[in-house]
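The structure appears below as structure tokens.
FYI, it's all coordinate maths here, none of it is from the lab. Values in this document were obtained by computation on a predicted structure and should not be read as measured data. Neighbour counts run over all protein chains shown; Cβ positions are idealised from the backbone, glycine included.
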Amino acid sequence: MKKGIHNITILLVEDHAVVREGLRALLSGEADMEVVAEARSGREAVALAKKLRPEVVVMDIAMPVLNGFEATRQILKNAPDAKILILSAYSDVEYVERVMALGAAGYLLKQSSAKVFASAIREVQKGKIFFGPAIAKSLEKQNEKSLNRRGQFKDKNVRLSSREAEVLQLIAEGKANKETAEELEISIKTVEKHRQHLMEKLNIHDTAGLTRYAIAAGIIESDVRIKII
């Protein structure tokens, strides 16, 4: 803890250890910032945010078990004062619009400079919205498109509940019903009901189709995403 100055408390959420270590090293040089915890998954991030109440959560999007979209939604539900700063490798405008609609305070690309990264944390902690230069430019080109304030998927006229989104991600990651039930601490019967509701809502009737949908919607990361039409 640095003395004589208010320290912005930060939770780092990133599943790659090398990246987390690099981010922590960058922030250790900032006199007004303190990393209070690190999370390797969205699930862990939700628990830590609820317990520690950090002022800023630096959040990756593509993570196992619980992605950054759903983690953002759950953190802001449990710790509404937290400011979520997305730090992602993806510059897709749809990703930006979706997390901002969920309540994120800023979006930055991982290739951003240390100076911009630190500035982004300070700005969102003050309650301001921050976009990295490349993101701001992309949004300007898309300014005729309005944000979907409900966080719905733009390619489907559906809205998934928080639990349905969790189940969908685990299905797409190849988890069996038993594994999904254990992860979410619910019964296998409940998992089966959520799976059935997903298929009915999306009009998709097999696991492969649900997986393709999850990839196209950005719920999970996949090397075959570019092949989805």
Fill in: For Ile86, residues with placed amide H under 5 Å, excluding near neighbours
Met59, Ala105, Gly106, Tyr107, Leu108
Fill in: Cα pair count fraction exceeding 22 Å, expressed as % - the range 1-124
25 percent
Worksheet item: Among the aspartates and glutamates, which have Cα under 15 Å from the Cα of Lys51 when same-chain residues fewer than 8 positions away are ignored?
Response: Glu38, Asp81
Worksheet, complete the sentence: Mean projected area (nm²) from the convex hull of Cα positions in the range 42-105 is 3.7 nm²
Fill in: Surface/4 estimate of mean projected area, convex hull on alpha-carbon atoms of the range 1-68, nm²
4.3 nm²
Worksheet item: What distance in nm separates the simple spin-label points at Val116 and Ala136, each placed 7 Å from Cα in the Cβ direction?
Response: 1.0 nm
Item to complete: Can you spot the aspartates and glutamates whose alpha carbon is less than 13 Å from Lys189's alpha carbon? Ignore those fewer than 8 places along the same chain.
Response: Glu179
Fill in: Whole-Hz ³J(HN,Hα) from phi, Karplus 6.51 cos²θ - 1.76 cosθ + 1.60, for the range 162-177, glycine and proline x
4, 5, 4, 5, 5, 4, 4, 4, 5, 4, 5, 7, x, 6, 6, 4
Discussion item. Take the residue pairs Lys77/Lys126; Lys50/Lys137; Lys115/Lys137 and return only those whose Cα atoms are more than 25 Å apart.
Written reply: Lys50/Lys137
Discussion item. Please report Rg (one decimal) and Dmax (integer) in Å for the Cα set of the range 77-129.
Written reply: 11.1, 31
